[in-house]
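Novice: Got a structure for you, questions after.
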């Protein structure tokens with residue numbers, strides 16, 4: 001079954017969703033892929049799944065994926081494996097994936113496999129590796145093709161935040177955020193704290209990955225409400241942070257991080273921005289095409305500039321630093337999350353706080 005993200009996302013916000021089997025999400029908008037994971041995660045948890053992430057380093061990595069799906073746990077009823085990477089399965093693995101999907105349909109197991117890939121064109125969608133997902137699983141196109149789809153998706157998110165915006169308010173919001181999806185989403189998040197604090201108080205940061213279980217009592221906002229909120233909320237965004245990091249402007253990076261902290265910018269979004277840029281720099285240094293990675297032409301020069309500042313030995317330490325940031329955000333390490341985010345952002349800009357042995 002093949003769906004667009006706009007079609008699939010509202011269904012995934014429903015209380016009960018069958019998640020067993022094959023899932024493939026392809027697209028060049030990483031925020032949509034993350035929203036898809038966030039929408040599936042509460043269902044996995046409710047059904048007692050063990051959730052794991054695996055990166056495809058080569059075609060052989062698929063054997064590790066299949067092994068993980070076939071493993072049994074004394075504490076979990078099934079496994080949900082989130083796979084990233086663009087290495088296509090070979091003929092033997094395709095046969096195993098097809099068998100896995102058919103068994104999930106017949107109820108032989110409840111395991112779930114979600115593969116996040118870049119956008120797949122029509123030719124790729126006729127390939128043999130694509131067939132098990134299209135015929136027996138769920139294929140979700142995580143791309144937005146026009147402005148109407150962007151606003152439709154943001155309206156769904158606004159409802160989850162407990163907000164209803166007038167048409168004039170929407171026009172102002174999209175203009176203020178330059179029609180950028182993440183920037184508009186951040187603005188909605190902040191608006192929810194201003195106008196729907198009771199709703200937000202019902203959700204801890206850990207459970208905020210999906211607001212589908214929250215009682216929704218929407219607050220209506222008109223253009224006057226939005227004007228006052230946006231004027232009082234003038235500040236840097238994570239996009240300003242990205243530009244400063246890629247340009248190597250460490251002083252501006254520090255200034256932006258301190259401002260984001262002062263205005264209570266969600267640490268998860270700051271980490272998302274840093275990790276996205278770090279990941280794309282590492283991929284570019286491995287020889288991947290910037291257009292294939294979905295990097296805008298207007299920013300390719302900044303990414304190439306950042307690549308020249310770093311060696312592979314330096315970037316090899318980035319995954320561990322990002323993991324430590326994630327642990328700090330979740331409260332699993334004692335070091336404050338903002339300190340680690342500043343360290344990571346400065347590291348990307350070329351300013352290392354601590355010398356490595």
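For every residue, the table says whether it meets (1) farther than 30 Å from residue 224 by Cβ; (2) within 26 Å of the chain's Cα centre (by Cα).
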position	(1), (2)
69	yes, yes
89	yes, yes
98	yes, no
106	yes, no
120	yes, yes
129	yes, yes
154	no, yes
171	no, yes
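Novice: Please state which one of 157, 105 is over 23 Å from residue 34 (Cα atoms), touching a helix residue (DSSP H, G or I) at 6+ places or on another chain (Cβ under 7 Å) and modelled with pLDDT of 90 or more.
Specialist: After applying the criteria, what remains is 105.
Novice: Further question: How do the strands (runs of 3 or more DSSP E) wholly within the stretch 27-136 filter down when requiring 2 or more residues that are surrounded by 14 or more Cβ atoms within 10 Å (Cβ to Cβ) and touching a residue at least 40 places away in the same chain (Cβ under 8 Å): which remain?
Specialist: By residue number, 78-84, 112-117.
Novice: Return the pairs, sorted by first residue and then second, in which the second residue is surrounded by fewer than 16 Cβ atoms within 10 Å (Cβ to Cβ), the first residue lies in the stretch 255-272 and is at pLDDT below 90, the beta carbons are less than 6 Å apart, and the residues are 6+ apart or on different chains.
Specialist: These pairs meet every condition: 259/235; 263/235.
Novice: Something else now. Does residue 188 satisfy the criteria of being surrounded by 15 or more Cβ atoms within 10 Å (Cβ to Cβ) and either in contact with a strand residue (DSSP E or B) (Cβ under 8 Å, 6 or more places away or on another chain) or at pLDDT below 75 (or both)?
Specialist: Answer is yes for this residue.
Novice: Could you check the stretch 203-251 and list, in sequence order, the residues that are at pLDDT 80 or above, within 19 Å of residue 156 (Cα to Cα) and part of a loop (DSSP other than H, G, I, E, B)?
Specialist: Within the stretch 203-251, 218, 222 meet the criteria.
Novice: What number goes with the only condition from (1) surrounded by fewer than 18 Cβ atoms within 10 Å (Cβ to Cβ); (2) modelled with pLDDT under 90 that residue 295 does not pass?
Specialist: (1)
Novice: Of everything in the stretch 270-290, what is over 22 Å from residue 312 (Cβ atoms) and surrounded by fewer than 19 Cβ atoms within 10 Å (Cβ to Cβ)? Give them in sequence order.
Specialist: Scanning the stretch 270-290 gives a single hit, 272.
Novice: Somewhere in the stretch 67-79, is a residue more than 20 Å from residue 37 (Cα to Cα) and either touching a strand residue (DSSP E or B) at 6+ places or on another chain (Cβ under 7 Å) or modelled with pLDDT of 95 or more (or both)?
Specialist: Yes: the stretch 67-79 contains one or more residues that are more than 20 Å from residue 37 (Cα to Cα) and either touching a strand residue (DSSP E or B) at 6+ places or on another chain (Cβ under 7 Å) or modelled with pLDDT of 95 or more (or both).
Novice: Taking the residues in the stretch 1-26 that are part of a loop (DSSP other than H, G, I, E, B) and out of contact with any strand residue (DSSP E or B) (no Cβ under 9 Å at 6 or more places or on another chain) as candidates, determine which candidate is nearest to residue 292 (Cα to Cα).
Specialist: 13
The values are calculated or read from the model by the stated rules, or taken from the named source; none is laboratory data. Since we're looking at a predicted model, the values are computed, not measured. Note that we place each Cβ from the backbone using ideal geometry, even for glycine, and neighbour counts take in every protein chain shown.
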